[in-house]
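Notes follow the structure.
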């Protein structure tokens, strides 16, 4: 499992799996212990200590390291938002405990004893050993009373979660069949296209508007910068790992010397226009860090597949101001394009409002989980709802933007999954959809509980800690 996750550690699937791992931490707890007087958050009358927060964050960070391994860099960490997730985990845990207490839910002494006696680390020869139990806690600096309270809280939280999830699993066979058809069936979408290019002749731009824009942007109208970059490439056969090389280069500041010492070829691009740099390293997200790099500085390892690149900015030449006539021409073109797009969007919105579904353009039957529309292009992530349209809800209520075009999509017809396919997949799908709906209900329920609580977070204390 871990091998699979590491292989696809940059994909959406592993991010989803990692999200599920985080949910486990949020609701089951990790045996954290109170300590220290500094508070980082308050939920009602309850305070979360800095120690608790640090423990929670470290557990999530260790999980991320286990899943992503050498692919865990600053970009991935930024996407995972572990600091926010650690805080959310603690807040949700205490909200659940509070609500469990409000409804009188408890863990009896008998239940807790059975749980404690079944923890493997406290067993000797298959039986719970009191002395071993005390030794283990002592070795880990744990107070028995505090440990037991933490474990009781974890059990109580788990029971509360089970109660909430089961409450949200009231689905009939008909509901499940409907979901199945919406996911595994096919849909034919009708659509109307509104190309901004066809609206260019309908927009007006006067000279004064262009001049005013030029005066506001005067300093920005210049040619592109030229960058001189050196870089080394590190792969599985290299004598050093990229993170080690990066730390050592921060001290040495000499890419040529480091490359020579470790037998790593150093490539010097020479002065290169920014557009050429972006083109050469397409896919490495160079635009995200290049302009923030100062002369002589070393970039973080930039990873792509099985290779890593470490760059050093040798020099940068600022682009020269361009001729005013050229700048005015560029500004006019940009304003025309922007106004044409606004007009195209407005025309699309008006067609949606009128529900004008008489277009001859259609996609033909496509899977409801398709990512691409024939003759149209990739479906934007935020607009996958077009594939969920059905007879009783046929209109997608907003324009779908693809490049300089806007589309009005609507339901035309659909094809249901074959009965033999349903008979074969029914039981497995039912288990899958019940689990999914339970999780969705749990997430929604927690959001509702959060809104009812007075929550204060002191991120300044978190940063200082």
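Sorting the segments 99-109, 258-268 by their mean number of nearby beta carbons within 10 angstrom, highest to lowest, gives 258-268, 99-109. How tilted is helix 130-139 with respect to the longest principal axis of the chain? Cα atoms for both, answer in degrees (0 to 90, nearest 10). Here the helix axis deviates by roughly 40 degrees.
The angle between the Cα long axis of helix 12-28 and the main principal axis of the chain comes to about 30°, on a 0 to 90 degree scale.
In plain terms, the chain from residue 130 to residue 114 could stretch by 4.4 nm, reckoned as 0.36 nm per residue minus the Cα-Cα distance. Using the Cβ-Cβ distance between residue 237 and residue 45 with R0 set to 60 Å, the FRET efficiency from 1/(1 + (r/R0)^6) comes to roughly 0.55. Note on the chain: Cα-Cα pairs beyond 31 Å make up 66% of the total pair count.
Our helix-only sum for the chain, with -39,500 (n - 2.57) per DSSP H run of n ≥ 4 divided by its residues, gives a mean residue ellipticity at 222 nm of -16000 deg cm²/dmol.
With a Förster radius of 56 Å applied to the C-beta separation of residue 250 and residue 358, the computed FRET efficiency comes to 0.30. Taking each residue as 0.36 nm, the span from residue 421 to residue 291 lengthens on full extension beyond its C-alpha to C-alpha distance by 41.4 nm.
Sorting 146-156, 246-256 by average packing, meaning the other beta carbons within 10 Å per residue, from highest down gives 146-156, 246-256.
Residue separation of residue 350 and residue 260 scaled by 0.36 nm, minus their Cα-Cα distance, works out to 25.9 nm of gained length. Each part gets one Cα centre, and for region 211-286 versus region 81-146 those centres are 50 Å apart. As a rough guide to protection, the peptides 286-293, 226-233 ranked by mean Cβ packing within 10 Å, highest first, stand as 226-233, 286-293. Based on the alpha-carbon gyration tensor of region 33-174 and its eigenvalue square roots a ≥ b ≥ c, which shape applies: rounded if a/c is under 1.5, prolate if not and a/b is larger than b/c, or oblate? Rounded is the answer for region 33-174, as its axis ratio a/c remains below 1.5.
Read-outs: derived from the displayed coordinates by stated rules, not from any lab. Since we're looking at a predicted model, the values are computed, not measured. Positions of Cβ are backbone-derived with ideal geometry, glycine not excepted, and every protein chain shown enters the neighbour counts.
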